[in-house]
Amino acid sequence: MGLLKRFEERLEGLVNGTFAKVFKSEVQPVEIAGALQRECDNNATIWNRERTVVPNDFTVELSPGDHERLAPYSTQLGDELAGMVREYAKQQRYTFMGNITVRLERAENLDTGLYRVRSRTEAGSAPGAGGGSAAWNAPAPTGAAPGPGGPGFPPRPGG
């Protein structure tokens, strides 16, 4: 399944990147919403028959032009995207380890119309609560090397 996922991501990036470069279209919020849904699906971790955990901490990297255009709406857009992720997860019966956070950051190396989404599972004070928040230009999360129990992964059982 990992090979198929990588192929799909590569194909999607190629198609989206080519169209964005040729047509110089700006990133639209609906595109970001779809990418966040795919990020949940692609990173779902099945804990047992009743619980599938998905990322709750998202960083969307935007080109300088797209970032500047969306900056005036940053708080509302981040809250709307977090709400959309919450609603999608409810439909799919996904759960979260803490509150949903969507960060929108400027990435100098992206052209107009291109974006990247990074996610991780971040344990919070209210597991599964699904509260939302947004941050604009917040620094990227830092921490231990990825792996079970590290950033992007649920905590180790008993640890």
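What does the charge count near GLU80 come to, summing +1 for each Lys or Arg and -1 for each Asp or Glu among other residues with Cβ under 13 Å from its Cβ?
Around GLU80, the charge tally is -1.
For the stretch 19-102, what are the per-bin percents of Cα-Cα distances with bins 5 Å wide, up to the bin holding the maximum?
So the P(r) values, bin by bin, are 3, 13, 24, 22, 15, 12, 7, 4, 1, 0.
Residues with amide H under 5 Å of LEU114's amide H, sequence separation 5 or more or different chain, H placed in the peptide plane at 1.01 Å from N; which?
SER63
Return the sequence-ordered ³J(HN,Hα) values of the stretch 76-91 in whole Hz as given by the Karplus equation 6.51 cos²θ - 1.76 cosθ + 1.60 applied to θ = phi - 60°, using x for Gly and Pro.
So the Karplus estimates, Gly and Pro as x, are 5, 5, x, 5, 5, 5, 4, x, 5, 4, 4, 5, 4, 4, 4, 4 Hz.
Between beta-carbons, use under 10 Å as the cut-off and find the net charge around TYR94, counting Lys and Arg +1, Asp and Glu -1.
On the way: positive: ARG51, ARG86, LYS90, ARG93; negative: ASP41.
So the surrounding residues net to +3.
Under 5 Å between amide H atoms, partner at least 5 residues away or on a different chain: which partners does THR95 have, H built in plane at 1.01 Å?
Answer set, sorted by chain and number: THR52, VAL53, VAL54.
Give me the tail of P(r) for the stretch 66-106 as a percent: Cα-Cα pairs with distance above 12 Å. Before the final figure, lay out the partial values.
Numbers: 508 of 820 pairs.
For the stretch 66-106, the fraction of Cα-Cα distances above 12 Å is 62 percent.
Show me 54-61, 26-33, 117-124 ranked by packing, highest mean number of other Cβ atoms within 10 Å first.
In decreasing order of mean packing, 54-61, 26-33, 117-124 become 54-61, 117-124, 26-33.
Throughout, read-outs are computed from the coordinates displayed, never taken from laboratory work. Please read these numbers as outputs of a predicted model, since none were measured by experiment. No Cβ is skipped: glycine too gets one built from the backbone with ideal geometry, and neighbour counts run over all protein chains shown.
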